Each structure stands twice: as structure tokens, then as C-alpha cells.
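Below is one structure; the comments refer to it alone.
Please treat every number below as a calculation from the coordinates, not as lab data. Model, not experiment: these values are computed from the prediction. Backbone-built Cβ (ideal geometry, glycine too); neighbour counts: all protein chains shown.
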């Protein structure tokens with residue numbers, strides 16, 4: 001560097017000039033007073049104009065397009081720059097985040113409508129259980145909040161899973177609006193799944209139901225029809241006469257829950273056609289239904305038939321499991337055929353529905369030869 005007094009060259013770190021003894025004072029670099037993006041100002045006539053850059057984008061040709069906000073009429077440059085700071089904050093501030101309830105209403109008006117009635121009902125129940133956080137703003141919810149509301153309202157796997165699924169849908173919508181940046185529902189812990197295995201009716205119990213029906217007790221017709229068709233409780237309760245084609249031995253339009261069950265026919269084995277025909281002829285129902293539309297009466301007659309036949313108190317879904325088990329242990333029936341009869345979307349369901357016993361296993365190994 002150069003000595004300001006004698007103009008001779010001195011070392012950069014020298015405090016005094018070795019030639020004239022002048023005290024060298026180094027000035028610190030002037031700090032930058034304004035950061036990038038804080039706006040600028042220019043003189044226009046006798047006043048100053050503030051310029052705030054809000055955002056930028058590229059045109060199809062690759063040219064940068066700036067989005068700017070300007071305001072003129074400031075008396076001094078400092079006034080214009082001070083305005084830039086407040087304007088930048090106000091113009092780029094994000095609107096206040098909506099509540100979780102807002103996104104439920106948005107979900108209800110969109111994706112929700114494509115769900116099946118049973119799935120809508122499950123999600124409605126799940127949403128009611130989320131009431132403690134429904135009016136919270138989505139950006140204030142934490143993992144702990146979500147875990148707590150689920151664990152306190154759902155003690156078993158499937159209700160907790162429905163709550164987690166609903167929250168996942170709502171957080172995806174909030175994420176699309178950029179109010180949440182993480183998939184918080186992913187961190188919800190679900191209770192352990194204890195899958196209750198349903199038990200099929202034994203051959204002895206099925207024979208007892210047939211004996212009861214042939215004795216004139218028509219209450220046995222419902223469990224027998226369900227066992228031999230694989231119909232679900234909700235399907236047999238909504239069965240109408242015009243859904244039955246006795247000539248083709250099939251029922252159409254009675255399926256519920258999944259698209260496959262709704263679209264697939266229910267096949268009637270020869271042995272059960274006379275039973276169903278007699279029920280139709282009896283005219284027990286009204287408005288075209290085969291039976292009276294009363295859920296309590298349906299279950300009362302079902303369990304009364306089991307008691308009269310001396311069967312175990314197996315729930316109606318066990319009838320469908322009996323169908324699958326009987327088909328699975330029958331020789332020569334392919335899994336794809338069983339899938340079609342049971343109206344499943346995949347043959348993997350056979351693992352859940354078929355319940356071969358020890359006798360069936362022993363008979364299977366005895367088919368092995370030298």
C-alpha cells in the first residue's frame with residue numbers, strides 16, 4: 001500500500017510509515033446496508049419511485065420475465081427504500097392456512113364421490129372421530145397431534161387405518177396448496193392387527209340345516225342359500241325377485257361393496273334353486289324384495305335357525321367362508337374358477353377364505369402315489 005503522507009510504498013500490514021512515521025489508519029469496508037431482493041428506488045422527476053421484485057419466470061423462448069411492483073411519489077430515496085421493505089413482506093406473505101375441516105369439505109366434493117357407499121360410510125365415521133382437530137389450521141398440526149387423536153379414538157386396527165387414510169387424503173390436498181411440506185399421517189402408528197378367522201360350517205352342521213329345512217322350518221333357507229351361493233349378508237337382504245334368473249341359475253345386480261361383486265353374477269347351484277324358488281313363491285317380502293327388509297328380523301331368523309338345527313352360533317359371514325372352503329377342497333376346481341364363483345378381484349383371497357381341516361390335509365397327501 002502507499003503512505004498517504006509521503007506517497008512511498010509501505011508493507012500492507014504496517015501500522016506506521018517506516019519513512020516518515022505517519023500513523024496509517026485503515027478504514028473497515030463499508031457494510032452492505034441492503035440485501036438482495038429488498039427492492040430498489042430510482043428518481044423520476046422531483047420524486048422517487050420504489051421497485052419491489054416479487055417473482056420471476058422463464059418464457060417459452062427462455063427469456064426471464066420479472067414480476068415487479070412499483071409505487072412512486074416518495075420525497076426521498078430513503079422513503080422509497082423503506083416502503084420496499086414493508087411492501088415486500090405484505091405482497092409475498094402467504095395467506096393464513098385453512099383448517100382441516102376446509103380440506104375435508106374439498107375432499108367430499110371431489111375424490112370422495114368416487115368411493116363405494118360402504119367406503120364413504122367408513123370415512124364418514126373416521127372423520128367424526130377427528131373432530132378434536134377438525135378446526136385446527138393444517139400448518140399447526142404436528143405428528144404428536146395426529147397420533148394422539150387416532151390412538152384415543154380408535155383402539156383397533158381398521159378404524160385407526162381409516163382415520164389415517166382420511167388424514168392422508170386431506171394432507172395431500174393441503175400439500176398441493178403448499179401449506180404443509182411433509183406427509184405427517186405417514187408417521188401415525190396403527191394398533192396391531194388381530195385378524196379374527198371365521199369358521200366354516202361343518203358337514204354335520206350343514207346336514208342339520210338341510211334336515212331342519214326339510215322338516216318345514218323355512219328359517220333354515222337363509223343360511224343354506226348363503227352357504228351354497230357365497231352371498232354376503234347385505235346382498236341377501238337386498239335381493240329382489242327380478243334379479244333372479246331361475247332358467248340361467250344366476251342372480252345379477254345384488255352384489256355390494258366392490259366393483260367386481262357388483263358387476264359379477266351370483267351362480268345358483270342346482271341343489272339350492274328349489275329352496276330359493278320356494279322363498280320367492282311364498283311372497284314374504286314387499287316392493288319386489290324376496291324377504292322383508294328388516295335387519296333385526298333377518299339376524300333373529302338366522303340365529304334361530306342355527307339354534308334349532310343344533311349348529312354353533314356362527315355369524316352370517318361364516319356362510320361365505322363355508323362356500324370358499326367347500327370349493328377349495330373339491331378335487332379339480334382351479335383357483336381362478338373359485339375366484340369367479342366368489343367374485344373376488346384376486347385368487348389371493350383364497351388364503352383368507354378357505355379353511356381346510358386336518359381331514360382334508362390327510363386326504364390330500366393320500367393322493368400321492370409311488
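Please find, in a Gaussian network model of the chain (springs between Cα atoms separated by less than 10 Å), the residue of 59, 118, 264 whose mean-square fluctuation is greatest. Highest fluctuation of the listed residues: 59.
Axis of helix 143-153 versus longest Cα principal axis of the chain: the two differ by about 20°, to the nearest ten degrees. Note on the chain: with a GNM built from Cα contacts shorter than 10 Å, the maximum mean-square fluctuation among 110, 253, 62 falls on 62. Under 1.5 on a/c is rounded, so check that first for region 189-278, then, if it is not, pick prolate when a/b is larger than b/c and oblate when it is not; a ≥ b ≥ c are the square roots of the alpha carbon gyration tensor eigenvalues. Verdict is oblate for region 189-278. Derived from the Cα gyration tensor, the three semi-axes of the equivalent ellipsoid of region 40-92 are 25, 13, 6 Å, largest first. Determine the shape class of region 100-187: with a ≥ b ≥ c the square roots of the Cα gyration tensor eigenvalues, call it rounded for a/c under 1.5, and otherwise prolate if a/b is greater than b/c, oblate otherwise. Oblate. Quick check: from the Cα gyration tensor, does the chain come out rounded (a/c under 1.5), prolate or oblate? Note, shape of the chain comes out prolate. The label-point distance for residue 89 and residue 168, in a model that sets each label 7 Å from Cα toward Cβ, rounds to 4.1 nm. By the count of neighbouring beta-carbon atoms within 10 Å, fewest first, 341, 143 end up ordered 143, 341.
Give the order of 292, 65 when sorted by the count of other beta carbons within 10 angstrom, beginning with the fewest. The partial results should precede the final answer.
On the way: 292 12, 65 9.
Ranking 292, 65 by Cβ neighbours within 10 Å, fewest first, gives 65, 292.
For the pair region 220-250 and region 261-282, the centres of their Cα atoms are 5 angstrom apart. Sorted from longest to shortest, the spans of the Cα atoms of region 203-365 along the three principal axes equal 49, 36, 28 Å. Ellipticity at 222 nm from helices only: DSSP H runs of n ≥ 4 in the chain, each -39500 (n - 2.57), divided by the residue count, give -12500 deg cm²/dmol. Listed by Cβ neighbour count within 10 Å, with the fewest neighbours leading, 271, 338, 24 appear as 271, 24, 338.
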